[in-house]
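Here is the structure we will look at.
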């Protein structure tokens, strides 16, 4: 009697009818209502006749094809990429030497716009570069410019005018935009993706970014002042103050450049000639030497080939002008 009641209770926990549980289902093929994923086509050779016929029907028109590649020269300047600082990690060489490296992740990078040299020279920034303040010599020439974007976002979060910047490239609106000066033989078509494979292990790069913002600081933290004497020396309310900043004789004013309290950090800076120790192509991560790259974890930096006269490229990189897959 107790066993019969136990079996009755167990039957009450079933989530399907008894008939469904007794049906044997075969899984040798997919259900007929699922959309066919791929189509098997015969492997026929591509001839000149059917190649022209396919070119007329293919959606990959000539206007969407990459621009023609050119040869590398010693004076060539490639485009840079935008990377996100994601942390630090130690690496060890084969001899056991420990090297601290910074991880820079390259994700969702695309060329947004190509600006010719003539058009860039007519802009406000181009005029300042072409004829710097205080120089009256012959204006120097300018190179073309590529605008690179990273970190795609929902177009509804941006204004209509900002989204219009990406109409010519056919990519989603980017949150981060950077401008890179390139040589005429290293230009890229708008819409071209950029990966971590743009660089190679052992190459040297320059990293440009914004330093950590420290806020409003006094002279002791901002400039390293020693400070006034302690209380037992007779000082009162002047322990962390700068002291005299002028005099009443010849220096009867505060001269420009005087070290005073103010906002600290947040300056643009470049870390030159950093070597790439390792590249994770699957995740798009660059392992760069050092741990002094400007910015907090999560900030974006610009990475480009170094301009150092000794450690710059002496031969053509593996991919020029970039890695096109």
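The values are calculated or read from the model by the stated rules, or taken from the named source; none is laboratory data. All of these numbers come straight from a predicted model, not from anything done at the bench. Here the Cβ positions follow ideal geometry from the backbone for every residue, glycine too, while neighbour counts run over all protein chains shown.
One residue stands out in segment 224-239 among those that are surrounded by 10 or more Cβ atoms within 10 Å (Cβ to Cβ) and within 25 Å of residue 266 (Cβ to Cβ): the one that is modelled with the lowest pLDDT, namely 227.
Can you spot a residue in segment 153-165 that is within 19 Å of the chain's Cα centre (by Cα) and surrounded by 20 or more Cβ atoms within 10 Å (Cβ to Cβ)? Checked against the condition, which is being within 19 Å of the chain's Cα centre (by Cα) and surrounded by 20 or more Cβ atoms within 10 Å (Cβ to Cβ), segment 153-165 yields no hits at all. Summed over segment 229-272, the residues that are within 30 Å of residue 293 (Cα to Cα) and not in a loop (DSSP other than H, G, I, E, B) give a count of 9.
Only one entry in 300, 319, 304 is in contact (Cβ under 8 Å) with a residue 12 or more places away in the chain, surrounded by fewer than 17 Cβ atoms within 10 Å (Cβ to Cβ) and within 15 Å of residue 81 (Cα to Cα), namely 319. Which residues, counting only those in segment 162-178, are in contact (Cβ under 8 Å) with a residue 60 or more places away in the chain and under 24 Å from residue 209 (Cα atoms)? 174, 176, 177, 178 - these are the residues of segment 162-178 that are in contact (Cβ under 8 Å) with a residue 60 or more places away in the chain and under 24 Å from residue 209 (Cα atoms).
Of the residues that make up segment 212-223, is at least one under 21 Å from residue 272 (Cβ atoms) and at pLDDT 90 or above? Checking segment 212-223: at least one residue is under 21 Å from residue 272 (Cβ atoms) and at pLDDT 90 or above.
Yes or no, residue by residue, for (1) closer than 22 Å to residue 169 by Cα; (2) outside the structural domain of residue 184 (by TED's automatic domain parsing); (3) part of a loop (DSSP other than H, G, I, E, B); (4) modelled with pLDDT of 90 or more:
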| residue | (1), (2), (3), (4) |
| --- | --- |
| 54 | no, yes, no, no |
| 85 | no, yes, no, yes |
| 96 | no, yes, yes, yes |
| 102 | no, yes, no, yes |
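If a residue must be within 22 Å of residue 215 (Cα to Cα) and surrounded by fewer than 11 Cβ atoms within 10 Å (Cβ to Cβ), how many such residues does segment 240-257 contain? Matching residues across segment 240-257 total 3.
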